[in-house]
Amino acid sequence: MRKWLVVFMAVIAAGLVGAMVWLYTMADSKGPEIVVESGKNNIYSQDMTTEELLEDVKAVDEKDGDVSDTLKVENIYPNSNGDKVTVVYVAKDSSNNVTKFTYYMTTDGKKDSGESESEGEEKQKKADTSEERDESEDLDMPEESDGETEDEEQEESEENLTEEEKAQKREEEKISKLNPQDPRFYLTTYYLKIAKGTSIDRLSYVKDIEDDTDATNELYRKIQITGNVDVNTPGTYELTYYVVDSAGNSSNGAVLTVVVE
């Protein structure tokens with residue numbers, strides 16, 4: 001009697017294990033594939049809209065099919081030289097599997113001065129008028145001069161920053177713009193110089209990941225790194241680190257610039 005009971009229990013256990021394996025294999029754990037078509041415009045300008053950035057970009061999922069309607073532009077950030085930008089696209093399927101894709105674009109070389117043509121004309125008129133002001137009005141000028149001096153000092157201060165300090169500042173600004181629920185991804189450094197032929201351990205530059213949903217050790221297992229570094233060829237390379245937590249929230253794309261000399 002006991003023998004039959006043991007056999008019965010073994011059959012039940014085997015059936016449960018088989019059912020669990022079947023459920024695991026049938027579960028949708030793969031995110032959609034983001035594809036950029038070959039004819040996509042590769043020149044980036046600062047006045048481009050989100051719709052323009054999403055042109056010729058598609059997201060296709062094995063189970064759900066076309067999920068391009070979930071596509072979003074998560075982030076846009078320039079490289080250290082300012083001649084290229086990295087555009088990070090995000091898409092997800094009905095099972096909340098999230099995929100990120102990094103796309104590199106060349107800038108059009110135009111910089112936003114932050115001043116329209118009409119604003120420039122208005123400033124010129126004010127400058128011309130100031131020459132005709134009487135002595136009492138001229139007494140108010142030092143305040144404007146002081147403000148201009150502070151702006152100039154700030155610009156000079158930024159120009160005096162090292163490449164590593166500039167990269168640090170750029171990444172901190174990106175983190176400050178995240179939504180409260182998004183994970184924060186920090187690196188030990190964001191600018192690295194190495195000699196030709198020197199190998200690098202990419203994960204060794206991960207400093208911390210903060211999130212209000214998942215524990216840090218769980219997030220470490222979800223780290224994604226895009227980009228490659230050819231340590232045998234001198235040049236400037238970029239590695240982008242990010243994670244997506246269990247709630248589907250994406251972290252900032254922490255960029256490590258690697259200069260091979």
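In order along segment 102-107, the phi-based Karplus estimate (6.51 cos²θ - 1.76 cosθ + 1.60, θ = phi - 60°) of 3J(HN,Hα) comes to 9, 10, 9, 10, 8, 6 Hz; Gly and Pro are listed as x. Projecting the Cα positions of Ser68, Val90, Gln46 onto the charge dipole of segment 30-109 (unit charges on Cβ atoms of Lys, Arg, Asp and Glu, taken about the Cα centre) puts Val90 furthest along the positive direction.
The simple Förster model, with R0 at 41 Å and r as the Cβ-Cβ distance, assigns Lys166 and Tyr220 a FRET efficiency of 0.90. Once backbone amide H atoms are built at 1.01 Å from N, Tyr44 has Thr106, Thr107, Asp108 as its partners under 5 Å, excluding neighbours fewer than 5 places away on the same chain. Sorting Phe101, Phe185 from the fewest to the most surrounding beta carbons within 10 angstrom yields Phe101, Phe185. Measuring spread by the Cα atoms of segment 161-261 yields a radius of gyration and Dmax of 14.1, 41 Å. Remark on Glu55: its backbone amide H falls under 5 Å from none of the residues 5 or more positions apart or on other chains, H modelled at 1.01 Å from N. In order along segment 31-38, the phi-based Karplus estimate (6.51 cos²θ - 1.76 cosθ + 1.60, θ = phi - 60°) of 3J(HN,Hα) comes to x, x, 9, 9, 10, 9, 5, 4 Hz; Gly and Pro are listed as x.
Taking amide hydrogens as placed 1.01 Å from N in the peptide plane, the amide H of Val206 sits under 5 Å from those of Thr188, each at least 5 positions away in sequence or on another chain. Backbone geometry of segment 181-198 corresponds, through the Karplus equation with coefficients 6.51, -1.76 and 1.60 at θ = phi - 60°, to 3J(HN,Hα) couplings of 7, 7, x, 9, 10, 10, 10, 5, 8, 10, 9, 9, 10, 9, 6, 3, x, 7 Hz, x marking Gly and Pro. Taking label positions 7 Å along the Cα-Cβ direction at both Glu51 and Glu37, the computed distance is 1.7 nm, reported to one decimal. Using Cα pairs closer than 8 Å and at least 6 residues apart in sequence, work out the relative contact order for segment 30-109, in percent. Dividing the mean separation by the residue count of segment 30-109 yields 33 percent.
Here, each number is a calculation from the coordinates, and none is a lab measurement. Quantities reported herein were computed from a predicted structural model and do not represent experimental measurements. Counting neighbours? That spans all protein chains shown, and the Cβs are built from the backbone with ideal geometry, glycine included.
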